[in-house]
Amino acid sequence: MTLEVVRAEGLVTVQDAGRPGLAHLGVPRAGPLDRPAAALANRLVGNAPEAALLETTLLGVSVRAMRAVTVAVTGAACTVDVDGRARPFAEPISVSAGAVLTVGPATRGVRSYLAVAGAVVVEPVLGSRSTDTLAWVGPPAVVAGARLPVGAAGPPRPVDVPARERGGAPLRLHPGPRVDWFGPDALDVLTATEYAVGAASNRIGLRLSGRPLERVVDRELPSEGLVLGAVQVPPDGQPVVMLADHPTTGGYPVVAVVDVDDLAWCAQLRPGDPVRFARWRPAPAS
């Protein structure tokens, strides 16, 4: 069983759980930027939450099923149709042999996820089928004409679809290892400023523009390890949130780290969207 890619505009990649644990070898983790959305798509078609699927960026994808298959689309809101007939979003969809499924451009958000029952089973690289766009480890970006192998489907299971409207809540911050390289009010500046998402944002980092952060330590920082969600500050003072394809080391100081539970929202922010931060607070004891 294969899917034949009819149209692939923008960046379309295969993603699974990624390659955690290889940073000491210089290998980024990769994986879906919006992990909850990817896991939901997989569960809807009976796959394991971490199974390989397609991540689209803004413009969608069209695929032809070479045999009857079940699929689901989640993540950024978009139209879904089979041979021109509208089908539901975030629900299992039956696609007959030879039919073309189209995931339309995102109408809200950035990244949509297309899961197929049985999962996309391209050849793994270093234990993962994820495409890393920093070093291009893993399968190449998906393009028109590609044929994607699909595994054997398991039995579908009922799934509750959670509501995901976030209402512009701020990204919660933990202090970073180099917060002392900035003024004593650095975290206050971060949490008091409304930043805008920059056009150069991608799977590597969410680039922001707004009030710059001023350093009080001027010496060079030797490259050191980076973690997912690190808020790195280059010389222009504009923060960059490190996402799934971030480099494993960096030489710019990290002022803060975005809480891991908030990173999925970074995947759906468009250029020009506002971003606010807040200090992370532990939940009150029950």
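Taken together, the values in this text are just the output of simple stated rules run on the coordinates, not laboratory data. All values derive from a computational prediction rather than experimental measurement. Backbone-built Cβ (ideal geometry, glycine too); neighbour counts: all protein chains shown.
Taking the number of other C-beta atoms within 10 Å as the exposure measure, put 221, 269, 208 in order starting with the fewest.
Ranking 221, 269, 208 by Cβ neighbours within 10 Å, fewest first, gives 221, 269, 208.
Please report 280, 265, 136 as a ranked list, fewest other C-beta atoms within 10 angstrom at the top and most at the bottom.
136, 280, 265
Looking only at 61, 216, 150, which one moves most when the chain is put into a Gaussian network model with springs between Cα atoms under 10 Å?
Residue with maximal mean-square fluctuation among 61, 216, 150: 216.
Pull up the DSSP beta bridges for the chain and report the antiparallel fraction as a percent, rounded to 5.
For the chain, the DSSP antiparallel bridge percentage is about 95.
How far is helix 35-44 tilted, in degrees, relative to the longest principal axis of the Cα atoms in the chain, given as a value from 0 to 90 rounded to the nearest 10?
20 degrees
Quick one: order 203, 108, 35, 211 by neighbouring beta-carbon count within 10 Å, fewest to most.
Starting with the residue having the fewest Cβ neighbours, the order is 108, 211, 35, 203.
In deg cm²/dmol, rounded to 500, what helix-only [θ] at 222 nm does the chain give when every DSSP H run of at least 4 residues adds -39500 (n - 2.57) and the total is split over its residues?
-2000 deg cm²/dmol
Which one, 184, 28, 36, has the greatest fluctuation when you compute a Gaussian network model over the chain with C-alpha springs under 10 angstrom?
184
Restricting to Cα pairs below 8 Å that are 6+ residues apart, what does the relative contact order work out to for segment 171-279? Please round to a whole percent.
Answer for segment 171-279 is 41 percent.
Considering the Cα trace of segment 2-149, what is its radius of gyration and what is Dmax, both in angstroms?
Using the Cα atoms of segment 2-149, the pair Rg, Dmax is 14.1, 48 Å.
Please tell me the relative contact order of the chain in percent, rounded to the nearest whole number, where contacts are Cα pairs under 8 Å and at least six residues apart.
This gives 21 percent for the chain.
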